[in-house]
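One structure is given below, encoded as structure tokens.
The values are calculated or read from the model by the stated rules, or taken from the named source; none is laboratory data. Computed from a prediction, not measured in an experiment: that's the story for all the values here. Every residue, glycine among them, receives a Cβ derived from its backbone with ideal geometry; neighbour counts consider all protein chains shown.
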Amino acid sequence: MIVIDHLHFAYPDGRLALRDVSLRIGRGETAGLVGPNGAGKSTLLLHLNGLLGLPRQAGSICVDGLMLSEESLPEVRRRVGLVFQDPDDQLFSTTVEEDVSFGPQQLDLTPGEVGARVAKALAAVQLSGFQQRIPHHLSLGEKKRVCLAGVLACQPAVLLFDEPTADFDPRGRREFIELCRSLPATKLIASHDLEMILALCTRVFVLDAGLLVASGATHEILGDEPLMLAHGLEKPHSLFHRHPHGPMPEGHH
Amino acid sequence: MRIDGPFPTAAKERFGPRSPARRIVFAFAWVALIALLPARLWIWQLPSAFALIFVTRKLGVSFTALGKRTLLIWPFVGFTALGLLGQPEWHLRVGNLVLKAVLSIWILSLLTQTTSVIELIAGLRRLHFPAIWVELFAFLVRYASVLATEWNRMQLAREARTFHLPSRERWRLLAQSLGCLFIRAYERAERIHQAMLARGYR
């Protein structure tokens, strides 16, 4: 579903953001992308949407069978939905309805089809009836859900999340995890919230200073304390302790 | 300017059924009428003034609130009036300028006081205003509060670490903060553009 081969990227100021990154994510899989600040997680997500230009320096990106190129860019963007970290970056319209319909409108659908997609997307994030609400009057959790609805309305095959649980309260976080679990698309989640990664992802990639330093089953990678500490991360608490209301996480001994 | 929320009750009852597009057309036509009336016929502005008093009372809009809304425009009117001083018939011309400015701002304030921004944007679209202008206006409205919040956060953070500062230094810091806000706004604009591209914007 997602194939990245030897991707190399430096920003115009010369800062090296990604160095020879190669990874594969299967259809329907939920993968995590972890690493310290400045590791290149957001840069990698932007690349998957072709937002940093085509990989001219080195490497290739293939999403849902489509090699990222000038010609395939619009179709890749249709198939890949990116949920940004700060909802205020993503919610730029004056009403929720306008914002959620922004993507479908770019697909040249009829007003009826756009309306149906908006209603369906808002229902999926449990915000039916919010059409005429003003984005900046919503709570953070609601804003994030509207962002997700805006992406779902484009019916993407791949969902990318950049720090989806940042600034959430525990309930909002729990609701997000449930919501995310219910979505059938292939998902790549970049986050520092390792407990959430543990709850949602079957596989995880560790990125540090632009290098992919480890990848594998989530419990194995996140349970490897020396690896976590070496790359500015911490082994999640739930891998240290048995949860009083549930079984031990898979792979933990 | 109201972003949304209810009309003042009286305004809703008396003004609500008219579409925002009609309100915009009516307001701008009225302003044009006031602006185009020759200076010597200033006495004919009085019916407009009386009509505005009547409409304001009827809509239940506070005169104080309207007065406060016009504060920003007075320096501009003042500067323009200064340029007229010493010219032939300057009394008449300055008086005419002030009268027209007061009435026009009054009308536009009534429009913004009784019409939410969302309605204004819908009205402008219905009137086929150039899409790029309407979008820019919508962006301005959407992000004004975000920038205001960001500015307040920066000011709070600055004040939390400001113990004793001479006033000259305060001005320097204020200028720095404004520069910083500009850069943040610029970076945010880039991220918004990326978010638009990510959803297929061409």
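Testing A:GLN131 on (1) under 19 Å from A:ALA31 (Cα atoms); (2) in a loop (DSSP other than H, G, I, E, B); (3) within 14 Å of chain B (Cβ to nearest Cβ); (4) not basic (Lys, Arg), one condition comes back false. Which one is that? Failed condition: (1). Residues that are within 8 Å of chain B (Cβ to nearest Cβ), small (Gly, Ala, Ser), surrounded by 21 or more Cβ atoms within 10 Å (Cβ to Cβ) and within 27 Å of B:VAL146 (Cβ to Cβ) do occur in the range A:73-86. Evaluation of A:ALA124 against the conditions (1) surrounded by 17 or more Cβ atoms within 10 Å (Cβ to Cβ); (2) within 12 Å of chain B (Cβ to nearest Cβ) shows that the sole unmet condition is (2). Among the residues of the range A:161-176, the ones that are buried (at least 18 other Cβ atoms within 10 Å of the Cβ) and assigned to a helix (DSSP H, G or I) come to 2 in all. Kindly provide the set of residues from the range A:66-101 that are under 23 Å from B:LEU120 (Cα atoms), modelled with pLDDT of 90 or more and hydrophobic (A, V, I, L, M, F, W, C), ordered by number. Scanning the range A:66-101 gives A:VAL96, A:VAL100. Given the criteria at pLDDT 90 or above, buried (at least 22 other Cβ atoms within 10 Å of the Cβ) and farther than 17 Å from B:GLN194 by Cβ, does A:ALA157 qualify? Spelling it out, it is not the case that A:ALA157 is at pLDDT 90 or above, buried (at least 22 other Cβ atoms within 10 Å of the Cβ) and farther than 17 Å from B:GLN194 by Cβ. Restricting attention to the range A:134-160, and to residues there that are in a loop (DSSP other than H, G, I, E, B) and of a type in the set (A, V, I, L, M, F, W, C), which single residue is farthest from A:THR94 (Cα to Cα)? Filtering the range A:134-160 for residues that are in a loop (DSSP other than H, G, I, E, B) and of a type in the set (A, V, I, L, M, F, W, C), the one farthest from A:THR94 (Cα to Cα) comes out as A:ALA157. Within the range A:87-121, the residues that satisfy the criterion of being among the aliphatic types (A, V, I, L, M) and either facing another protein chain (nearest Cβ under 8 Å) or under 26 Å from A:ILE177 (Cα atoms) (or both) are A:LEU91, A:VAL96, A:VAL100, A:LEU107, A:ALA116, A:VAL118, A:ALA119, A:ALA121.
Residue-wise test of (1) of a type in the set (Asp, Glu); (2) free of Cβ contacts under 8 Å to residues at least 12 places away in the same chain; (3) assigned to a helix (DSSP H, G or I).
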position: A:GLY59; (1), (2), (3): no, no, no
position: A:ARG78; (1), (2), (3): no, no, yes
position: A:GLN105; (1), (2), (3): no, yes, yes
position: A:ASP108; (1), (2), (3): yes, yes, no
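Only residues that are in a helix (DSSP H, G or I) and over 19 Å from the mean Cα position of the chain (by Cα) were counted across the range A:80-98, and they come to 3. Take the conditions (1) within 14 Å of another protein chain (Cβ to nearest Cβ); (2) surrounded by 15 or more Cβ atoms within 10 Å (Cβ to Cβ); (3) not hydroxyl-bearing (Ser, Thr, Tyr); B:MET154 misses just one of them, which is (1). Per the listing A:VAL63, A:VAL34, A:VAL21, the residue uniquely within 14 Å of chain B (Cβ to nearest Cβ) and crowded, with 21+ Cβ neighbours inside 10 Å is A:VAL63. Of the residues making up the range A:185-230, those that are in contact (Cβ under 8 Å) with a residue 60 or more places away in the chain, outside any strand (DSSP E or B), touching a Gly at 6+ places or on another chain (Cβ under 7 Å) and of a type outside the set (S, T, N, Q) are A:ILE197, A:CYS201, A:GLY210. Considering the conditions (1) farther than 13 Å from A:LEU188 by Cα; (2) touching a Ser or Thr at 6+ places or on another chain (Cβ under 7 Å), A:GLY28 is excluded by exactly one of them, (1).
Is it true that some residue in the range B:96-119 is under 30 Å from B:ALA27 (Cα atoms), outside the structural domain of B:LYS58 (by TED's automatic domain parsing) and surrounded by 14 or more Cβ atoms within 10 Å (Cβ to Cβ)?
Checked the range B:96-119: no residue is under 30 Å from B:ALA27 (Cα atoms), outside the structural domain of B:LYS58 (by TED's automatic domain parsing) and surrounded by 14 or more Cβ atoms within 10 Å (Cβ to Cβ).
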